[in-house]
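Input: a single structure, listed below in structure tokens.
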Amino acid sequence: MRDRAALGALLWPTGDADAQGYEEIEARAASAYEHWVGSEGLSFRGRDDAERLGDVVKFHWEAVAQDGEAFGVGLNFLVLAADGRIERDYTFVES
């Protein structure tokens, strides 16, 4: 993953039960990229609705087909650690 340093700057070092450590996070990201971008041809863009309240951040994103139409919408809900790095990341696919 070319952005490993950026990933390390954002993530809490303990990870979570689903993906722990850089290697598992990299593997999960690579798998998701291969499926959604490589095979399905989608790209992703954020919506301009990010909000932060204390240690919680939420924002929506769109999966975009090659014709520019939104294919799906999701919500990410982040819980930040005291140092501002991501401690938990919850993703909800809304459509």
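Could we say that VAL57 is closer than 28 Å to GLY21 by Cβ, of a type in the set (A, V, I, L, M, F, W, C) and crowded, with 16+ Cβ neighbours inside 10 Å here? Write out each step before concluding.
On the way: closer than 28 Å to GLY21 by Cβ: yes; of a type in the set (A, V, I, L, M, F, W, C): yes; crowded, with 16+ Cβ neighbours inside 10 Å: yes.
Here the answer is yes, as VAL57 does meet what is asked.
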Could you count how many residues in the stretch 2-55 are at pLDDT 85 or above, part of a helix (DSSP H, G or I) and within 18 Å of LEU80 (Cα to Cα)? 0
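The values are calculated or read from the model by the stated rules, or taken from the named source; none is laboratory data. No experiment lies behind these values; they were computed from the predicted model shown. Cβ sites come from the backbone with ideal geometry, for glycine too, and all protein chains shown count toward neighbours.
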